[in-house]
Amino acid sequence: PHLAALVLARGGSKGIPLKNIKLLAGVPLIGWVLRAAIDAGVFHSIWVSTDHDEIEKVAKQFGAKVHRRSPEVSQDSSTSLEAITEFLNHHREVDIVGNIQATSPCLHPSDLIKVADLIQKEGFDSVFSVVRRHQFRWSEVKKGDNKMTEPQNLNPAKRYRRQDWPGELYENGSFYFAKRHLIEKGYLQGGKMAYYEMRAEHSVDIDIDIDWPIAEQRVLSFGYFGKEPLKEVKLLVCSIDGCLTNGRIYVTEDHKEMVSYDYRDIVGIDLLKKRGIQVRLISDRDCSKTLSAMQLGCVAKVNVTSKLQVLKDWQEDMGLSWKEVAYLGNEESDVECLKQAGMSGVPADACAAAQKAAGYICKSRGGCGAVREFAEHIFLLLEKVNSARKQ
(Lines give C-alpha, C1' and ligand atoms only; values in the text may rest on other atoms or scores of the structure.)
Protein backbone atom coordinates (compact mmCIF):
# COMPACT_ATOMS: atom_id res chain seq x y z
CA PRO A 1 0.00 0.00 0.00
CA HIS A 2 1.09 3.53 -0.82
CA LEU A 3 2.10 5.34 2.37
CA ALA A 4 2.26 9.13 1.95
CA ALA A 5 3.59 11.66 4.43
CA LEU A 6 1.47 14.80 4.45
CA VAL A 7 2.39 18.05 6.19
CA LEU A 8 -0.39 20.63 6.41
CA ALA A 9 1.06 24.13 6.14
CA ARG A 10 -1.51 26.86 5.65
CA GLY A 11 -0.17 30.34 4.95
CA GLY A 12 -2.51 32.15 7.32
CA SER A 13 -1.47 31.93 10.96
CA LYS A 14 -3.04 34.24 13.52
CA GLY A 15 -0.37 33.59 16.14
CA ILE A 16 2.86 33.82 14.09
CA PRO A 17 2.69 35.02 10.44
CA LEU A 18 4.02 32.33 8.08
CA LYS A 19 5.02 30.31 11.13
CA ASN A 20 5.63 27.17 9.07
CA ILE A 21 8.64 28.67 7.28
CA LYS A 22 9.93 30.92 10.05
CA LEU A 23 13.55 30.06 10.83
CA LEU A 24 14.02 27.86 13.89
CA ALA A 25 17.68 27.32 14.78
CA GLY A 26 18.57 28.41 11.25
CA VAL A 27 16.17 26.04 9.45
CA PRO A 28 12.60 26.77 8.29
CA LEU A 29 10.24 25.16 10.80
CA ILE A 30 8.72 22.84 8.21
CA GLY A 31 12.22 21.75 7.16
CA TRP A 32 12.82 19.86 10.41
CA VAL A 33 9.92 17.45 9.89
CA LEU A 34 10.52 17.10 6.14
CA ARG A 35 14.14 16.12 6.81
CA ALA A 36 12.98 13.46 9.29
CA ALA A 37 10.32 12.14 6.90
CA ILE A 38 12.72 11.89 3.96
CA ASP A 39 15.47 10.19 5.97
CA ALA A 40 13.00 7.70 7.47
CA GLY A 41 12.83 6.04 4.04
CA VAL A 42 9.38 4.52 4.66
CA PHE A 43 7.19 6.86 2.62
CA HIS A 44 6.35 6.32 -1.04
CA SER A 45 5.72 10.05 -1.39
CA ILE A 46 6.13 13.12 0.82
CA TRP A 47 3.75 16.06 0.41
CA VAL A 48 3.10 19.51 1.76
CA SER A 49 -0.46 20.81 1.49
CA THR A 50 -0.42 24.60 1.31
CA ASP A 51 -2.11 27.66 -0.12
CA HIS A 52 0.98 29.89 -0.07
CA ASP A 53 3.71 30.43 -2.70
CA GLU A 54 6.58 30.91 -0.24
CA ILE A 55 5.69 27.73 1.68
CA GLU A 56 5.54 25.86 -1.64
CA LYS A 57 9.01 27.14 -2.50
CA VAL A 58 10.52 26.01 0.82
CA ALA A 59 8.77 22.63 0.65
CA LYS A 60 10.29 21.92 -2.76
CA GLN A 61 13.72 23.02 -1.55
CA PHE A 62 13.54 20.28 1.07
CA GLY A 63 12.49 17.65 -1.47
CA ALA A 64 8.73 17.46 -0.88
CA LYS A 65 5.95 17.48 -3.45
CA VAL A 66 3.28 20.16 -3.13
CA HIS A 67 -0.50 19.90 -3.13
CA ARG A 68 -2.10 23.31 -3.60
CA ARG A 69 -5.10 23.22 -1.33
CA SER A 70 -8.30 24.98 -2.26
CA PRO A 71 -9.59 28.16 -0.57
CA GLU A 72 -12.44 26.10 0.89
CA VAL A 73 -10.05 24.15 3.16
CA SER A 74 -7.68 27.08 3.82
CA GLN A 75 -9.91 29.04 6.17
CA ASP A 76 -9.29 29.68 9.87
CA SER A 77 -12.21 27.37 10.55
CA SER A 78 -10.96 24.56 8.27
CA THR A 79 -10.06 21.29 9.99
CA SER A 80 -7.09 19.02 9.36
CA LEU A 81 -9.50 16.25 8.39
CA GLU A 82 -11.01 18.44 5.64
CA ALA A 83 -7.58 19.23 4.21
CA ILE A 84 -6.50 15.58 4.32
CA THR A 85 -9.72 14.45 2.68
CA GLU A 86 -9.23 16.93 -0.15
CA PHE A 87 -5.67 15.66 -0.62
CA LEU A 88 -6.90 12.06 -0.87
CA ASN A 89 -9.57 13.05 -3.41
CA HIS A 90 -6.80 14.34 -5.67
CA HIS A 91 -4.39 11.44 -5.07
CA ARG A 92 -6.19 8.17 -5.52
CA GLU A 93 -2.91 6.22 -5.40
CA VAL A 94 -2.50 6.93 -1.67
CA ASP A 95 -3.73 4.21 0.70
CA ILE A 96 -2.33 5.46 4.03
CA VAL A 97 -1.69 9.04 5.15
CA GLY A 98 0.91 9.95 7.74
CA ASN A 99 -0.20 13.43 8.78
CA ILE A 100 2.90 15.03 10.32
CA GLN A 101 2.58 18.33 12.15
CA ALA A 102 4.94 21.07 10.93
CA THR A 103 5.07 22.41 14.49
CA SER A 104 6.90 19.35 15.88
CA PRO A 105 10.54 20.07 15.01
CA CYS A 106 12.10 17.41 17.27
CA LEU A 107 10.59 14.51 15.33
CA HIS A 108 13.12 11.77 14.46
CA PRO A 109 13.09 9.26 11.57
CA SER A 110 13.28 6.35 14.04
CA ASP A 111 9.82 7.28 15.34
CA LEU A 112 8.32 7.34 11.85
CA ILE A 113 9.90 4.00 10.94
CA LYS A 114 8.32 2.28 13.95
CA VAL A 115 4.92 3.82 13.28
CA ALA A 116 5.04 2.70 9.64
CA ASP A 117 5.62 -0.86 10.87
CA LEU A 118 2.63 -0.65 13.20
CA ILE A 119 0.25 0.35 10.43
CA GLN A 120 1.75 -1.63 7.52
CA LYS A 121 2.90 -4.84 9.18
CA GLU A 122 0.80 -5.15 12.32
CA GLY A 123 -2.51 -4.20 10.75
CA PHE A 124 -3.51 -1.13 12.73
CA ASP A 125 -5.92 1.26 11.02
CA SER A 126 -4.68 4.35 12.84
CA VAL A 127 -1.67 5.26 14.95
CA PHE A 128 -1.07 8.55 16.74
CA SER A 129 1.70 10.01 18.90
CA VAL A 130 1.50 10.47 22.65
CA VAL A 131 3.82 11.58 25.43
CA ARG A 132 3.88 10.46 29.06
CA ARG A 133 3.25 13.19 31.61
CA HIS A 134 3.39 13.15 35.38
CA GLN A 135 0.81 15.82 36.16
CA PHE A 136 -1.89 15.74 38.80
CA ARG A 137 -5.32 16.86 37.57
CA TRP A 138 -8.08 18.59 39.53
CA SER A 139 -11.70 19.31 38.62
CA GLU A 140 -12.44 22.82 37.45
CA VAL A 141 -14.65 25.07 39.56
CA LYS A 142 -16.43 27.86 37.71
CA LYS A 143 -16.04 31.32 39.10
CA GLY A 144 -18.89 32.12 41.48
CA ASP A 145 -19.75 28.49 42.23
CA ASN A 146 -19.52 27.67 45.91
CA LYS A 147 -17.98 24.25 45.32
CA MET A 148 -14.79 22.48 46.21
CA THR A 149 -12.39 21.15 43.63
CA GLU A 150 -11.92 17.39 43.52
CA PRO A 151 -8.79 15.36 42.65
CA GLN A 152 -9.04 13.61 39.29
CA ASN A 153 -6.09 11.23 39.23
CA LEU A 154 -4.62 11.19 42.72
CA ASN A 155 -5.31 10.68 46.38
CA PRO A 156 -4.05 13.85 48.13
CA ALA A 157 -3.45 11.85 51.30
CA LYS A 158 -1.11 9.50 49.40
CA ARG A 159 0.55 11.54 46.72
CA TYR A 160 2.74 9.51 44.42
CA ARG A 161 6.40 10.16 44.05
CA ARG A 162 7.25 10.63 40.38
CA GLN A 163 9.35 7.47 40.30
CA ASP A 164 6.49 5.43 41.80
CA TRP A 165 3.82 6.61 39.35
CA PRO A 166 3.79 5.63 35.65
CA GLY A 167 2.02 8.86 34.71
CA GLU A 168 -0.59 9.28 31.98
CA LEU A 169 -0.53 9.39 28.18
CA TYR A 170 -1.47 12.58 26.34
CA GLU A 171 -1.61 13.26 22.62
CA ASN A 172 1.34 15.47 21.67
CA GLY A 173 0.16 16.28 18.14
CA SER A 174 3.34 15.19 16.32
CA PHE A 175 1.60 12.85 13.89
CA TYR A 176 -1.59 10.99 13.03
CA PHE A 177 -1.41 8.00 10.66
CA ALA A 178 -4.64 6.60 9.23
CA LYS A 179 -5.80 4.39 6.39
CA ARG A 180 -7.86 5.84 3.54
CA HIS A 181 -11.08 3.97 4.36
CA LEU A 182 -11.05 5.44 7.86
CA ILE A 183 -10.48 9.02 6.68
CA GLU A 184 -13.22 8.69 4.07
CA LYS A 185 -15.61 7.83 6.91
CA GLY A 186 -14.63 11.05 8.67
CA TYR A 187 -12.08 9.78 11.20
CA LEU A 188 -8.37 10.26 11.83
CA GLN A 189 -8.50 7.92 14.81
CA GLY A 190 -10.60 4.80 14.73
CA GLY A 191 -10.79 1.16 13.73
CA LYS A 192 -7.96 -0.86 15.20
CA MET A 193 -6.09 1.94 17.01
CA ALA A 194 -2.61 2.16 18.51
CA TYR A 195 -0.64 4.92 20.13
CA TYR A 196 3.08 5.51 19.75
CA GLU A 197 4.82 6.91 22.81
CA MET A 198 7.45 9.53 21.99
CA ARG A 199 10.24 10.58 24.29
CA ALA A 200 9.37 13.65 26.33
CA GLU A 201 12.36 15.64 25.05
CA HIS A 202 11.17 15.08 21.46
CA SER A 203 7.67 16.35 22.18
CA VAL A 204 8.01 19.98 21.15
CA ASP A 205 4.91 21.73 19.83
CA ILE A 206 5.10 25.39 18.80
CA ASP A 207 1.79 27.20 19.14
CA ILE A 208 2.59 30.65 20.44
CA ASP A 209 5.48 33.05 19.87
CA ILE A 210 6.79 32.79 23.43
CA ASP A 211 7.62 29.14 22.75
CA TRP A 212 10.09 30.01 19.99
CA PRO A 213 13.30 30.69 21.99
CA ILE A 214 12.61 27.66 24.17
CA ALA A 215 11.96 25.49 21.12
CA GLU A 216 15.26 26.61 19.52
CA GLN A 217 17.18 25.39 22.56
CA ARG A 218 15.24 22.11 22.58
CA VAL A 219 15.89 21.56 18.87
CA LEU A 220 19.59 22.25 19.25
CA SER A 221 19.70 19.73 22.09
CA PHE A 222 17.33 17.03 20.87
CA GLY A 223 16.56 17.71 17.19
CA TYR A 224 17.44 15.52 14.22
CA PHE A 225 20.35 16.89 12.18
CA GLY A 226 20.83 14.19 9.56
CA LYS A 227 21.77 10.55 9.09
CA GLU A 228 25.41 10.93 10.08
CA PRO A 229 26.27 11.86 13.67
CA LEU A 230 27.64 15.34 14.29
CA LYS A 231 31.37 15.68 14.77
CA GLU A 232 33.45 18.35 16.37
CA VAL A 233 34.22 21.14 13.89
CA LYS A 234 37.95 21.68 13.31
CA LEU A 235 37.87 24.14 10.39
CA LEU A 236 35.61 27.03 9.37
CA VAL A 237 36.05 28.42 5.87
CA CYS A 238 34.39 31.77 5.31
CA SER A 239 33.78 33.58 2.05
CA ILE A 240 35.06 37.14 2.40
CA ASP A 241 32.79 39.24 0.19
CA GLY A 242 29.19 39.13 1.40
CA CYS A 243 29.93 37.16 4.59
CA LEU A 244 32.81 38.81 6.40
CA THR A 245 31.99 42.05 4.59
CA ASN A 246 28.65 43.32 3.32
CA GLY A 247 29.78 42.85 -0.27
CA ARG A 248 29.97 46.53 -1.04
CA ILE A 249 33.20 47.99 -2.43
CA TYR A 250 33.88 51.70 -2.11
CA VAL A 251 36.28 53.19 -4.64
CA THR A 252 38.14 56.45 -3.89
CA GLU A 253 39.13 59.03 -6.47
CA ASP A 254 42.66 57.62 -6.55
CA HIS A 255 41.21 54.15 -7.36
CA LYS A 256 41.72 52.62 -3.95
CA GLU A 257 39.15 50.13 -2.66
CA MET A 258 37.55 50.24 0.76
CA VAL A 259 35.23 47.73 2.43
CA SER A 260 33.48 47.68 5.79
CA TYR A 261 33.17 44.90 8.33
CA ASP A 262 31.51 44.37 11.69
CA TYR A 263 33.71 44.14 14.77
CA ARG A 264 31.37 41.47 16.16
CA ASP A 265 32.53 39.18 13.35
CA ILE A 266 36.16 39.71 14.31
CA VAL A 267 35.27 38.73 17.88
CA GLY A 268 33.52 35.64 16.51
CA ILE A 269 36.67 34.62 14.63
CA ASP A 270 38.75 35.09 17.79
CA LEU A 271 36.31 32.96 19.79
CA LEU A 272 36.52 30.17 17.21
CA LYS A 273 40.30 30.23 17.38
CA LYS A 274 40.21 30.03 21.18
CA ARG A 275 38.08 26.90 20.86
CA GLY A 276 40.76 25.33 18.66
CA ILE A 277 38.86 25.83 15.40
CA GLN A 278 40.94 27.07 12.49
CA VAL A 279 39.40 29.87 10.44
CA ARG A 280 40.37 30.29 6.80
CA LEU A 281 39.11 32.85 4.31
CA ILE A 282 38.37 32.57 0.61
CA SER A 283 37.43 34.95 -2.19
CA ASP A 284 36.74 34.97 -5.93
CA ARG A 285 38.61 38.26 -6.32
CA ASP A 286 41.99 39.58 -5.30
CA CYS A 287 41.39 41.32 -1.98
CA SER A 288 44.80 40.66 -0.45
CA LYS A 289 45.36 44.33 0.44
CA THR A 290 42.03 44.45 2.30
CA LEU A 291 42.91 41.32 4.27
CA SER A 292 46.31 42.72 5.12
CA ALA A 293 44.69 45.86 6.48
CA MET A 294 42.21 43.87 8.59
CA GLN A 295 45.06 41.93 10.29
CA LEU A 296 42.93 38.87 11.08
CA GLY A 297 45.81 36.41 11.22
CA CYS A 298 43.91 33.82 9.16
CA VAL A 299 45.12 31.72 6.24
CA ALA A 300 43.45 33.11 3.13
CA LYS A 301 43.17 32.23 -0.55
CA VAL A 302 42.09 34.98 -2.95
CA ASN A 303 41.52 35.29 -6.69
CA VAL A 304 40.18 31.72 -6.62
CA THR A 305 38.60 30.11 -9.70
CA SER A 306 37.27 27.02 -7.89
CA LYS A 307 36.36 27.43 -4.21
CA LEU A 308 35.47 23.75 -3.96
CA GLN A 309 38.94 22.67 -5.07
CA VAL A 310 40.58 24.95 -2.51
CA LEU A 311 38.24 23.61 0.18
CA LYS A 312 39.12 20.02 -0.76
CA ASP A 313 42.84 20.80 -0.66
CA TRP A 314 42.55 22.33 2.82
CA GLN A 315 40.42 19.44 4.08
CA GLU A 316 42.90 16.85 2.81
CA ASP A 317 45.97 18.75 4.05
CA MET A 318 44.49 18.93 7.56
CA GLY A 319 43.38 15.28 7.47
CA LEU A 320 39.77 16.14 8.26
CA SER A 321 36.52 14.40 7.44
CA TRP A 322 33.86 16.57 5.81
CA LYS A 323 31.86 16.40 9.03
CA GLU A 324 34.66 18.36 10.71
CA VAL A 325 34.48 21.20 8.17
CA ALA A 326 32.11 24.17 8.38
CA TYR A 327 31.54 26.64 5.54
CA LEU A 328 29.93 30.07 5.45
CA GLY A 329 29.10 31.36 1.96
CA ASN A 330 26.61 33.57 0.19
CA GLU A 331 26.92 33.27 -3.59
CA GLU A 332 26.40 30.67 -6.32
CA SER A 333 30.17 30.09 -6.32
CA ASP A 334 29.77 28.81 -2.74
CA VAL A 335 26.96 26.33 -3.41
CA GLU A 336 29.09 23.21 -3.96
CA CYS A 337 31.17 24.03 -0.86
CA LEU A 338 27.98 24.46 1.20
CA LYS A 339 26.74 21.06 0.01
CA GLN A 340 30.06 19.35 0.76
CA ALA A 341 30.78 20.75 4.23
CA GLY A 342 29.43 18.95 7.27
CA MET A 343 28.08 22.21 8.68
CA SER A 344 27.04 25.02 6.35
CA GLY A 345 25.58 28.48 6.76
CA VAL A 346 24.69 31.62 4.84
CA PRO A 347 23.88 35.22 5.83
CA ALA A 348 20.26 36.35 5.70
CA ASP A 349 20.84 38.19 2.40
CA ALA A 350 22.56 35.30 0.59
CA CYS A 351 21.37 34.39 -2.90
CA ALA A 352 18.54 31.86 -3.26
CA ALA A 353 20.81 29.05 -4.50
CA ALA A 354 23.11 29.42 -1.50
CA GLN A 355 20.18 29.49 0.93
CA LYS A 356 18.81 26.30 -0.60
CA ALA A 357 22.15 24.51 -0.16
CA ALA A 358 22.81 25.68 3.42
CA GLY A 359 21.93 23.93 6.64
CA TYR A 360 21.70 27.18 8.60
CA ILE A 361 20.39 30.59 7.54
CA CYS A 362 21.60 33.43 9.74
CA LYS A 363 19.30 36.16 10.95
CA SER A 364 22.16 38.63 10.35
CA ARG A 365 23.16 39.97 6.96
CA GLY A 366 26.64 39.68 5.49
CA GLY A 367 29.08 42.08 7.12
CA CYS A 368 26.59 42.72 9.92
CA GLY A 369 27.31 39.95 12.42
CA ALA A 370 26.68 36.81 10.33
CA VAL A 371 30.12 35.33 11.11
CA ARG A 372 29.62 35.84 14.85
CA GLU A 373 26.13 34.34 14.66
CA PHE A 374 27.36 31.29 12.74
CA ALA A 375 30.16 30.88 15.29
CA GLU A 376 27.56 30.83 18.08
CA HIS A 377 25.61 28.20 16.15
CA ILE A 378 28.75 26.07 15.86
CA PHE A 379 29.34 26.37 19.62
CA LEU A 380 25.79 25.22 20.36
CA LEU A 381 26.15 22.19 18.12
CA LEU A 382 29.50 21.36 19.70
CA GLU A 383 27.69 21.27 23.04
CA LYS A 384 25.36 18.70 21.50
CA VAL A 385 28.35 16.63 20.34
CA ASN A 386 29.97 16.76 23.77
CA SER A 387 26.70 15.85 25.46
CA ALA A 388 26.30 12.81 23.19
CA ARG A 389 29.83 11.68 24.04
CA LYS A 390 29.09 11.85 27.78
CA GLN A 391 25.93 9.78 27.31
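The values are calculated or read from the model by the stated rules, or taken from the named source; none is laboratory data. Computed from a predicted model, the values in this text were never measured in an experiment. Every residue, glycine as well, gets a Cβ built from its backbone with ideal geometry; the counts of neighbours run over all protein chains shown. Ligands, DNA and RNA are stripped out before the accessible areas are found, and what is left, the full protein with its side chains, is counted by its heavy atoms. Shrake-Rupley method; radii C 1.70, N 1.55, O 1.52, S 1.80 Å.
I need every pair where a residue in the range 38-50 that is farther than 23 Å from Gly12 by Cβ has its Cβ under 6 Å from the Cβ of a residue that is open to solvent by 20 Å² or more (accessible area, probe 1.4 Å) and modelled with pLDDT under 95, sequence separation at least 6 or different chains.
Filtered contacts from the range 38-50: Ile38/Gly63; Asp39/Lys227.
I'd like the full set of residues that are open to solvent by 60 Å² or more (accessible area, probe 1.4 Å), basic (Lys, Arg) and either in contact (Cβ under 8 Å) with a residue 60 or more places away in the chain or not in a helix (DSSP H, G or I) (or both), limited to the range 51-78.
Lys65, Arg68
Within the set of pairs 6+ apart or on separate chains, which have a first residue in the range 256-285 that is surrounded by 13 or more Cβ atoms within 10 Å (Cβ to Cβ), a second that is basic (Lys, Arg), and C-beta atoms under 6 Å apart?
Here the result reads Arg264/Arg372; Asp265/Arg372; Gly268/Arg372; Ile282/Lys301; Ile282/Lys307, each pair linking the range 256-285 to a residue that is basic (Lys, Arg).
Which condition number does Ala353 fail, the rest of (1) part of a helix (DSSP H, G or I); (2) over 26 Å from Pro28 (Cβ atoms); (3) open to solvent by less than 50 Å² (accessible area, probe 1.4 Å) being met?
Condition not satisfied by Ala353: (2).
Would you be able to say whether some residue in the range 231-245 is farther than 21 Å from Tyr360 by Cβ and among the polar types (S, T, N, Q)?
Keep residues of the range 231-245 that are farther than 21 Å from Tyr360 by Cβ, which gives none.
No: zero hits.
Looking at this structure, is Thr79 modelled with pLDDT under 95 and touching an Asp or Glu at 6+ places or on another chain (Cβ under 6 Å)?
Numbers: modelled with pLDDT under 95: yes; touching an Asp or Glu at 6+ places or on another chain (Cβ under 6 Å): no.
The answer is no for Thr79.
Tell me, yes or no, whether the range 116-125 has at least one residue that is out of contact with any strand residue (DSSP E or B) (no Cβ under 8 Å at 6 or more places or on another chain), on the phi < 0 side of the Ramachandran plot and open to solvent by less than 30 Å² (accessible area, probe 1.4 Å).
No, every residue in the range 116-125 fails to be out of contact with any strand residue (DSSP E or B) (no Cβ under 8 Å at 6 or more places or on another chain), on the phi < 0 side of the Ramachandran plot and open to solvent by less than 30 Å² (accessible area, probe 1.4 Å).
So, in the range 290-303, of the ones that are farther than 27 Å from Glu232 by Cβ and part of a loop (DSSP other than H, G, I, E, B), which residue ends up least open to solvent (accessible area, probe 1.4 Å)?
Val302
What's the total number of residues in the range 176-231 that are part of a loop (DSSP other than H, G, I, E, B) and either open to solvent by less than 80 Å² (accessible area, probe 1.4 Å) or over 18 Å from Leu8 (Cβ atoms) (or both)?
Going residue by residue through the range 176-231, those that are part of a loop (DSSP other than H, G, I, E, B) are 185-192, 199, 203-210, 223-231.
This time we only want the ones that are either open to solvent by less than 80 Å² (accessible area, probe 1.4 Å) or over 18 Å from Leu8 (Cβ atoms) (or both), so: 185-186, 188-192, 199, 203-206, 208-210, 223-231.
Final tally of qualifying residues: 24.
Give the residues of the range 251-281 that are farther than 20 Å from Glu324 by Cβ and part of a strand (DSSP E or B), sorted by residue number. If you could, list the steps in order and put the result at the bottom.
Of the residues in the range 251-281, the ones farther than 20 Å from Glu324 by Cβ are 251-267, 270.
Hits for the range 251-281 are Val251, Glu257, Met258, Tyr261.
Residues in the range 235-250 that are buried (at least 17 other Cβ atoms within 10 Å of the Cβ) and either in a strand (DSSP E or B) or outside the structural domain of Arg365 (by the TED database) (or both): how many? Walk me through how you get there before you give the answer.
Kept after step one, since they are buried (at least 17 other Cβ atoms within 10 Å of the Cβ), are these residues of the range 235-250: 235-247.
Then keep just the ones that are either in a strand (DSSP E or B) or outside the structural domain of Arg365 (by the TED database) (or both); that gives 235-239, 245.
Summing the residues that are buried (at least 17 other Cβ atoms within 10 Å of the Cβ) and either in a strand (DSSP E or B) or outside the structural domain of Arg365 (by the TED database) (or both) in the range 235-250 gives 6.
Scan the range 281-329 residue by residue and report those that are in contact with a Cys (Cβ under 6 Å, 6 or more places away or on another chain) and basic (Lys, Arg).
Answer for the range 281-329, where residues must be in contact with a Cys (Cβ under 6 Å, 6 or more places away or on another chain) and basic (Lys, Arg): just Lys307.
Suppose we keep only residues that are assigned to a helix (DSSP H, G or I) and out of contact with any Cys (no Cβ under 8 Å at 6 or more places or on another chain) within the range 330-350. Which one would you say is surrounded by the most Cβ atoms within 10 Å (Cβ to Cβ)? Walk me through how you get there before you give the answer.
Within the range 330-350, the first condition is being assigned to a helix (DSSP H, G or I), and the residues that meet it are 332-340.
After this cut, where a residue has to be out of contact with any Cys (no Cβ under 8 Å at 6 or more places or on another chain) as well, the list is 333-340.
Details: Ser333: 20, Asp334: 31, Val335: 21, Glu336: 17, Cys337: 25, Leu338: 27, Lys339: 14, Gln340: 16.
Only one residue fits best here, namely Asp334.
Which members of the range 310-329 meet the condition of being touching a helix residue (DSSP H, G or I) at 6+ places or on another chain (Cβ under 7 Å) and either aliphatic (A, V, I, L, M) or open to solvent by less than 20 Å² (accessible area, probe 1.4 Å) (or both)?
Passing the criteria: Leu311, Val325, Ala326, Tyr327, Leu328, Gly329.
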